[in-house]
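In what follows, a structure is listed as structure tokens, so that the remarks can point back to it.
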Amino acid sequence: MADTTVFPARRIVTMDPSQPLVEAVAVRDGRILAAGSIEECASWGAHEIDRRFEDLVLVPGMIEAHAHSLEGAFALLPYVGWFDRHRLGGTARGIRSYDALIERIAELDQEMRNVGAGATDPLVVGGFDPIYFRDEERLTRLHLDEVGTDRPIFVFHASAHLATVNSAMLEAHSITRESTTVGVARDANGEPNGELQEIPAMSLASSALLRILQAMNDPASIEALGRICADQGITMLADLASAGLQRPDSQQLWRTTVDRPEFPARILQRHMAALPPGATDWSEAADAIVALAADDTDKLRTAGLKVLLDGSIQGFTAKMGWPGYYSGTDHGVWMTAPEQLLAMCRPFHERGINIHTHCNGDLTIDLWIDTVEQLVLERPWLDHRHTVQHCQLTTAAQYRRMAKLGMCANIFTNHIWYWGDQHHDITVGPERARRMEACRTAEREGVSFSMHSDANVTPLGHLHTMWCAVNRVTPSGRVLGPDERISAESALRAVTLGSAYQLHLDAEFGSIECGKAADFTVLGDDPLEVDPMAIKDIEVWGTVVAGRPHPGSDG
């Protein structure tokens, strides 16, 4: 058997400026041996030609630099979101009324009873967001009580920052008017109304979170995550809520499941900021990440640290500066105390650990930029690539500061489609909505950026994030900020080289050129050649990871 495989294709987009297009790529030992003509690729010696892609298009493997392993577990949980959503084995239809929501939950309750589940076993569903139901009052426990008052019900919102529960769930966990946890929403009489805002409040409903945690630690959910990656053309996914610091024992499951040739994606783990068991300071947490990285493999790697600063804009829990929210009630929450952020991040920066920080509201973006500036002043590190995650309301002035500090941006472009109209009409108003997810400003000001889905918050898949950045079209047909649109080439660069760069992996991934990993996304058409509005509809054959083809469900 030849140790070199040559893959010709109808078109190969390399993202290598020295040769943007080639007709074939040669692969040896999981790496790219050559890219060029078939003759050039064959000139390296004994080889076999694999023609399975000769009618398809290869682009560099698309890298999702901000998603969550919950996407795999989410595929196994009942879906009650507004939009139709791709699921393994089919499409789940959206829920467009409270009546339909209650009917669906009642069906699930009956299904649980039919299989012998206990009457008090919690029922957990996901994907709901009350902001779409403008003609309805906000969902409360009273709506969910229509299903019944014995089984605890937990409706996980699409943002993953909020949940709505029924009275049985409140009672099961003694969540009452005396509860002092921030984020327990209340009715006019001071009683909990069933909405739990942000992690501290949601954690009170521990039986539901345990059900979600069990799903996330089921090997089937990790396998589902891999299959979704292949279906959507993702060759590498960074999990930005990895639990290696809180639960180091969980790492063995990931190693066993992911570090196999047949697993169809590479997984990078960016661990949530937390003190490991028994630790008393952040230096110990930083040392723990260094230790985790020592066990990295080709398929499972440590990406660094994730810090959570605030909530979500559509959930009104993001920290907004003046003039605040356009309408609605400001429930902004600091998820990390501002005065503690520098001390928390310092030992990680000192050890050369890349830090990505969740920043939705503009106040958090200022805080994170200020913190990075101080870190660099204390310990110069010219290639830190610390990143603003989500980066939704970042101003041109903030981007200029980020560029001078060597920071990166990971921009949540899917918000333009999934919540663009709501941001325009409800949360931030027309002017600020037009400059949300400002890829063109980031590009103009010299900030290296990527784009993300934040799956499971929105569906995994970079053809959609690209489509949003290129077109900026909302469900109402509005073009939300036409001057912030970018070219298809810039969008493709963002989800390949841009993602690789902010992960400190651009020497290995992100383009098709000699010496890099043989990771490709296999498409039915070239996103740089089709009508921009058709980008999201391009067929995905699957992926190639380390030279091994992984067809998707339709490949």
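The values are calculated or read from the model by the stated rules, or taken from the named source; none is laboratory data. This is a predicted model, so every value here is computed, not measured. Glycine gets a Cβ as well: all are built from the backbone with ideal geometry, and neighbour counts include every protein chain shown. Each accessible area value is taken on the protein alone, full model and side chains, heavy atoms only, with ligands, DNA and RNA left out. Shrake-Rupley method; radii C 1.70, N 1.55, O 1.52, S 1.80 Å.
A few comments on the model shown:
- Each label point was placed 7 Å from the Cα along the Cα-to-Cβ direction; for residue 218 and residue 330 their separation is 4.2 nm.
- Selection among 277, 221, 199 by position relative to the dipole of the range 171-296 gives 221 as farthest towards the positive end (Cβ unit charges, Cα centre).
- Distance between the modelled labels on residue 2 and residue 291, one decimal in nanometres: 4.8 nm (7 Å Cα→Cβ projection).
- As a calculated quantity, the FRET efficiency between residue 337 and residue 46 at R0 = 56 Å, using C-beta atoms, amounts to about 0.35.
- Stretchable slack from residue 142 to residue 395, in nm (0.36 nm times residue separation minus alpha-carbon distance): 87.0 nm
- Positive minus negative residues near residue 389 (Lys, Arg vs Asp, Glu; Cβ under 9 Å): 0
- Checking every one of the GluC sites (Glu not before Pro) in the range 137-179 against DSSP loop status and a limit of 13 other Cβ atoms within 10 Å picks out 137, 178.
- In the range 260-343, the GluC sites (Glu not before Pro) that fall in loop regions by DSSP, at most 11 other Cβ within 10 Å: 262
- Ranking 508, 71 by solvent-accessible area of protein heavy atoms (1.4 Å probe, all protein chains present), from largest to smallest, gives 508, 71.
- Each Cα pair under 8 Å and six or more residues apart adds its sequence gap; the mean of these over the residue count of the chain is a relative contact order of 17 percent.
- Each part reduced to its alpha carbon centroid, the range 446-517 and the range 191-239 end up 24 Å apart.
- Legend: residues 280, 176, sorted from most to least accessible area (1.4 Å probe; ligands, DNA and RNA excluded), read 280, 176.
- FRET efficiency estimate (nearest 0.05) - Cβ-Cβ, residue 281 to residue 405, R0 30 angstrom: 0.70
- Separation of alpha-carbon centers, the range 160-185 and the range 251-306, rounded to whole Å: 32 Å
- By accessible area, using a 1.4 Å probe on protein heavy atoms only, the chain has 49% of its surface on carbon and sulfur.
- About the Cα centre, charge dipole magnitude for the range 406-555 (Lys/Arg +1, Asp/Glu -1 at Cβ), debye: 360 debye
- Along the axis of the charge dipole computed for the range 1-119 (Cβ charges of +1 for Lys and Arg, -1 for Asp and Glu, origin at the Cα centre), the listed residues 77, 119, 47 are led at the positive end by 119.
- Within the range 207-289, none of the trypsin sites (Lys or Arg not before Pro) combine a DSSP coil assignment with at most 16 other C-beta atoms in a 10 angstrom radius.
- When nucleic acids and ligands are ignored and a 1.4 Å probe is applied, residue 187 ends up with an accessible area of around 60 Å².
- The lysines within cross-link reach of residue 299, meaning a Cα-to-Cα straight distance under 17 Å and a gap of 8 or more places when in the same chain, are 516.
- Modelled FRET efficiency - R0 22 Å, residue 487 with residue 539, Cβ distances, 0.05 increments: 0.50
- Under 5 Å from the amide H of residue 542 lie the amide H atoms of 522, 552, each residue being 5 or more positions distant or on a separate chain, with H modelled from the backbone and absent for Pro and chain starts.
- Of the residues 86, 384, 161, 173, ranked by 1.4 Å probe accessible area with the largest first, the sequence reads 86, 173, 161, 384.
- Electrostatic bookkeeping for residue 453 treats Lys and Arg as +1 and Asp and Glu as -1; over the other residues with beta carbon under 11 Å from its beta carbon, the sum is -3.
- Spin-label pair residue 103/residue 182, simplified geometry with 7 Å Cα→Cβ offset, distance in nm: 4.1 nm
- Taken per residue, the accessible surface of the range 383-515 reaches 27 Å², heavy atoms only and a 1.4 Å probe.
- Label zone at residue 507, where the point sits 7 Å out along the Cα-to-Cβ direction: the range 345-369 residues whose backbone N lies under 16 Å: 352-354
- For the chain, the dipole from Cβ point charges (+1 on Lys and Arg, -1 on Asp and Glu) about the Cα centre works out to 520 debye, to the nearest 20.
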